[in-house]
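Novice: Submitted below is the structure of interest, expressed as structure tokens.
The values are calculated or read from the model by the stated rules, or taken from the named source; none is laboratory data. All values derive from a computational prediction rather than experimental measurement. Because the Cβ atoms are built from the backbone with ideal geometry, glycine has one as well, and the counts that use them run over all protein chains shown. Note: accessible area is taken over every heavy atom of the protein model, side chains too, but ligands, DNA and RNA are not part of it. Shrake-Rupley method; radii C 1.70, N 1.55, O 1.52, S 1.80 Å.
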Amino acid sequence: MRVHVADHPLITHKLTVLRDERTSSPVFRQLTEELVTLLAYEATRSVKVSPVEIRTPVTTTTGVKISEPRPLVVPILRAGLGMLDGMVKLLPSAEVGFLGMARNEETLEPTTYAERLPEDLSDRQCFVLDPMLATGGSLGAAMDFLFRRGAHDVTAICILGTPEGLAAIEKQVEGRDVTIVLGALDQGLNEKGYIVPGLGDAGDRLYGTV
């Protein structure tokens, strides 16, 4: 498993505003989109491409295009939906699937309540969007879901992560091709399973519901 923690002053600045409890939902949504586009730049460094010959106004040359089958972007509902625009802005040719997962607040275990994905993901690169890598339960379950359908490598983009979450994912996906891109690696989880210092509940802050 490869882990990349983005180290860029713009990312750190946007994260600082996201963490601030005074930041309104509209500003939070806009900053999330901007932040995810920056993280997606890092996450797509290994996206598969194929050579293509084109003609410029001067001569012919060889460039690249996104390979087939196209990458699949999978936001984990509901909070991951707030990351989708930032991702497809950078990778507009990708297909989009949806996976609905929720965390039981007592057991902290994930449950799947909806999915809209291709039945066969053979040879597909998949990009999973989940704002918070806390315990790793939801993200790990989502990755398992994709690998069972034939995905060959999975990259997760998360705004924040924890050492506990990374350890859980690494144990669960041992031997598989997995990359995790984080905006920041926070210090850990509190007794309720929330990231510290974190930014609160990403879904509530994105959509203004409590």
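Novice: Among the numbered conditions (1) at pLDDT 90 or above; (2) part of a loop (DSSP other than H, G, I, E, B), tell me where Lys192 comes up short.
Specialist: If we test Lys192 against (1) at pLDDT 90 or above; (2) part of a loop (DSSP other than H, G, I, E, B), just (1) comes out false.
Novice: Okay, moving on. Among all residue pairs at least 6 apart or on different chains, which show Cβ distances below 7 Å where the first residue, located in segment 134-162, is closer than 15 Å to Pro110 by Cβ and modelled with pLDDT of 90 or more and the second is of a type in the set (Phe, Trp, Tyr) and buried (at least 24 other Cβ atoms within 10 Å of the Cβ)?
Specialist: Final answer for the pair search is none.
Novice: Return the pair list, or none, for Cβ contacts closer than 6 Å from residues in segment 186-206 that are closer than 17 Å to Ala79 by Cβ to residues that are surrounded by fewer than 14 Cβ atoms within 10 Å (Cβ to Cβ) and at pLDDT 85 or above, at least 6 apart or on different chains.
Specialist: none
Novice: In this structure, is Gly208 surrounded by fewer than 15 Cβ atoms within 10 Å (Cβ to Cβ), over 17 Å from Leu84 (Cα atoms) and modelled with pLDDT under 90?
Specialist: yes
Novice: Right, something else. Mind checking whether some residue in segment 99-119 is among the small types (Gly, Ala, Ser) and more than 27 Å from Ser25 (Cβ to Cβ)?
Specialist: No, segment 99-119 has no match at all.
Novice: Moving on. Scan segment 110-133 residue by residue and report those that are loosely packed, with under 13 Cβ neighbours inside 10 Å and either among the hydroxyl-bearing types (Ser, Thr, Tyr) or touching a residue at least 24 places away in the same chain (Cβ under 8 Å) (or both).
Specialist: Within segment 110-133, Tyr113, Ala114, Glu119, Asp120, Ser122 meet the criteria.
Novice: Which residues, taken from segment 32-66, are more than 20 Å from the chain's Cα centre (by Cα) and open to solvent by 80 Å² or more (accessible area, probe 1.4 Å)?
Specialist: Result: Pro51, Glu53, Ile54, Arg55, Pro57, Val58, Thr62, Val64, Lys65.
Novice: Looking at segment 44-74, which of its residues are farther than 28 Å from Arg29 by Cβ, of a type in the set (Ser, Thr, Tyr) and not in a strand (DSSP E or B)?
Specialist: Passing the criteria: Ser46, Thr56, Thr59, Ser67.
Novice: Sticking with this structure for a sec: Tell me which residues, restricted to segment 12-69, are basic (Lys, Arg) and within 19 Å of Gly203 (Cα to Cα).
Specialist: Answer for segment 12-69, where residues must be basic (Lys, Arg) and within 19 Å of Gly203 (Cα to Cα): Lys14, Arg19, Arg22, Arg29.
Novice: If you don't mind, there's one more thing I want to ask. Anything in segment 136-195 that is among the polar types (S, T, N, Q) and within 24 Å of Glu115 (Cα to Cα)? List them, or say none.
Specialist: Hits for segment 136-195 are Ser138, Thr155, Gln172, Thr179.
Novice: Out of the residues in segment 4-31 meeting the condition of being assigned to a loop (DSSP other than H, G, I, E, B), free of Cβ contacts under 8 Å to residues at least 60 places away in the same chain and of a type outside the set (Lys, Arg), tell me which one is surrounded by the most Cβ atoms within 10 Å (Cβ to Cβ).
Specialist: His8
Novice: Right, here's the next one. Out of all the residues in segment 75-84, is one or more at pLDDT below 90, open to solvent by 30 Å² or more (accessible area, probe 1.4 Å) and either touching a helix residue (DSSP H, G or I) at 6+ places or on another chain (Cβ under 7 Å) or of a type in the set (S, T, N, Q) (or both)?
Specialist: Looking for residues that are at pLDDT below 90, open to solvent by 30 Å² or more (accessible area, probe 1.4 Å) and either touching a helix residue (DSSP H, G or I) at 6+ places or on another chain (Cβ under 7 Å) or of a type in the set (S, T, N, Q) (or both), one finds at least one in segment 75-84, hence yes.
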